[in-house]
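J.: A single structure is presented below for examination.
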Amino acid sequence: MTAAPAPDSAGDARDGSPGDAADAGVPAFWRGLGLPGLADVHTHFLPPRLLCRVWAYFDAAGPLVGTEWPIRYRWSDADRVAHLRRLGVRAFTALAYAHRPGMAADLNRWTLDFARTTPECLPSATFFPEPEAPRYVAEALDAGARVFKVHIQVGGFAPTDPALDPVWALLAEAGVPVVVHAGHAPVGTAHTGPEPFAALLARHPSLAAVVAHLGAPDYRAFLDLAASHPHVRLDTTMAFTSFFDRFVPFPADELPRLRDLGLAGKVLLGSDFPNIPYPYAEQLAGLARLDLGDDWLRAVCWANTATLFDLP
């Protein structure tokens, strides 16, 4: 089956619903692939006050952002969920991440409650290196958490922090995936990059990890880790968009390996919605421009995530 043309995200027109006219072609994209919709492993829903602080940090081009970054979808939770539904995103996450001690347990209560009232949302949770982490991670698992998120760059901690060893062990035993911002992009810190992440995998080789942003800018090293570790996957978040390619373009000679890993179930659609400075459609258009084939697009945009989370 030949895919429909990639959604045209070049325009900046918006309807006033709120909505985004630049995203109008997204349903035709996945229908042209014969898919039931899209599955996006990397979206964010946070308590409103915290989300406003995150947006203010992006507005100020804070030191961990490093560039102008206007938030495209600065809407209410209800309007953002409605937009994802209009686009046909049948499964998404509420990735929250703790950046200091004492906040993860409260974040988990909020994100798990959000998932209970939002059927498409995979129950999501987070953690931070602190003595209480094994307890509240176990509680989140008991409450149905199906995906966790940690942001090593923002959190400023080493993934091999001893306080996290029992947490990684819990998640590895449960087989619950963790979306890890492990790469240096957009700004590197002491604990980002492939080496600290590889050290984590050496301690917990059965950990189910999804590396955000394909591990940018160290694409090759993270592709190596995905290829050599059976439970490591990569998400496409922001990769292959004109915004991201200005700073950390993907090496063209690695596209054949990206194709192979995608067809092997190792590459998942991620978008970073709503914290993106361009239309959602641009993520899909960037993937389609790679010309890796309809089978690859079907795997990345739906099947790989559906398999990982046993979606109906």
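J.: Do you know which of the residues in the range 66-85 that are touching a helix residue (DSSP H, G or I) at 6+ places or on another chain (Cβ under 8 Å) and open to solvent by 60 Å² or more (accessible area, probe 1.4 Å) is farthest from L50 (Cα to Cα)?
T.: P70
J.: Also: How do the pairs read when you match residues in the range 159-188 that are open to solvent by less than 10 Å² (accessible area, probe 1.4 Å) with residues anywhere that are in a loop (DSSP other than H, G, I, E, B) and of a type in the set (K, R), using Cβ under 9 Å and keeping only pairs 6 or more apart or on different chains?
T.: These pairs meet every condition: P177/R146.
J.: Mind telling me which of the residues A264, A239, A226 ends up being closer than 20 Å to R298 by Cβ and without any contact (Cβ under 8 Å) to a residue 24 or more places away in the chain?
T.: The unique qualifying residue is A264.
J.: Return the only residue of G265, G270 being farther than 27 Å from L164 by Cα, part of a loop (DSSP other than H, G, I, E, B), among the small types (G, A, S) and at pLDDT 95 or above.
T.: Of the residues listed, the single one that is farther than 27 Å from L164 by Cα, part of a loop (DSSP other than H, G, I, E, B), among the small types (G, A, S) and at pLDDT 95 or above is G265.
J.: Follow-up. Considering only residues of the range 226-240 that are under 18 Å from the mean Cα position of the chain (by Cα) and open to solvent by 20 Å² or more (accessible area, probe 1.4 Å), which is nearest to H204 (Cα to Cα)?
T.: Residue satisfying both the conditions and the ranking: H231.
J.: Could you tell me whether any residue of the range 203-210 is in contact with a strand residue (DSSP E or B) (Cβ under 6 Å, 6 or more places away or on another chain), of a type outside the set (G, A, S) and under 25 Å from P119 (Cα atoms)?
T.: yes
J.: I've got another one for you. Please verify whether P131 is touching a residue at least 24 places away in the same chain (Cβ under 8 Å), open to solvent by 30 Å² or more (accessible area, probe 1.4 Å) and within 26 Å of V167 (Cβ to Cβ), treating the condition exactly as stated.
T.: Answer is yes for this residue.
J.: Let me ask something else. Restricting to the range 189-211, count the residues that are open to solvent by less than 20 Å² (accessible area, probe 1.4 Å), part of a helix (DSSP H, G or I) and of a type in the set (A, V, I, L, M).
T.: Final tally of qualifying residues: 2.
J.: Taking the conditions exactly as written (open to solvent by less than 10 Å² (accessible area, probe 1.4 Å) and either closer than 30 Å to W30 by Cα or in contact with a Gly (Cβ under 6 Å, 6 or more places away or on another chain) (or both)), does A96 satisfy them or not?
T.: Answer is yes for this residue.
J.: Quick check on my filter: what residues within the range 142-158 are part of a loop (DSSP other than H, G, I, E, B) and open to solvent by less than 20 Å² (accessible area, probe 1.4 Å)?
T.: If the condition is that a residue be part of a loop (DSSP other than H, G, I, E, B) and open to solvent by less than 20 Å² (accessible area, probe 1.4 Å), then A145, F157 are the ones that fit.
J.: Of the residues T118, T111, which single one is in contact (Cβ under 8 Å) with a residue 24 or more places away in the chain, open to solvent by less than 20 Å² (accessible area, probe 1.4 Å) and in a helix (DSSP H, G or I)?
T.: Among T118, T111, only T111 is in contact (Cβ under 8 Å) with a residue 24 or more places away in the chain, open to solvent by less than 20 Å² (accessible area, probe 1.4 Å) and in a helix (DSSP H, G or I).
J.: Then there's this: Any idea which residue in the range 249-291 is nearest to L46 (Cα to Cα), counting only those that are open to solvent by 20 Å² or more (accessible area, probe 1.4 Å) and of a type in the set (A, V, I, L, M)?
T.: It comes out as A288.
J.: Looking only at the range 55-70, decide whether some residue is assigned to a loop (DSSP other than H, G, I, E, B) and under 16 Å from the mean Cα position of the chain (by Cα).
T.: Taking every residue of the range 55-70 in turn, none turns out to be assigned to a loop (DSSP other than H, G, I, E, B) and under 16 Å from the mean Cα position of the chain (by Cα).
J.: While we're on this one: Return a yes/no flag: does the range 210-220 have any residue that is within 25 Å of L308 (Cα to Cα), in contact with a helix residue (DSSP H, G or I) (Cβ under 9 Å, 6 or more places away or on another chain), among the aliphatic types (A, V, I, L, M) and in contact (Cβ under 8 Å) with a residue 60 or more places away in the chain.
T.: Yes, some residue in the range 210-220 is within 25 Å of L308 (Cα to Cα), in contact with a helix residue (DSSP H, G or I) (Cβ under 9 Å, 6 or more places away or on another chain), among the aliphatic types (A, V, I, L, M) and in contact (Cβ under 8 Å) with a residue 60 or more places away in the chain.
J.: Next question. Against the conditions (1) open to solvent by 10 Å² or more (accessible area, probe 1.4 Å); (2) under 24 Å from L87 (Cα atoms); (3) at pLDDT 95 or above, where does F243 fall short? Just the number, please.
T.: F243 satisfies every listed condition except (3).
The values are calculated or read from the model by the stated rules, or taken from the named source; none is laboratory data. As the structure is a computational prediction, the values presented were derived from the model and not from experiment. Backbone-built Cβ (ideal geometry, glycine too); neighbour counts: all protein chains shown. Surface accessibility is based on the protein's heavy atoms, side chains included, excluding ligands, DNA and RNA. Shrake-Rupley method; radii C 1.70, N 1.55, O 1.52, S 1.80 Å.
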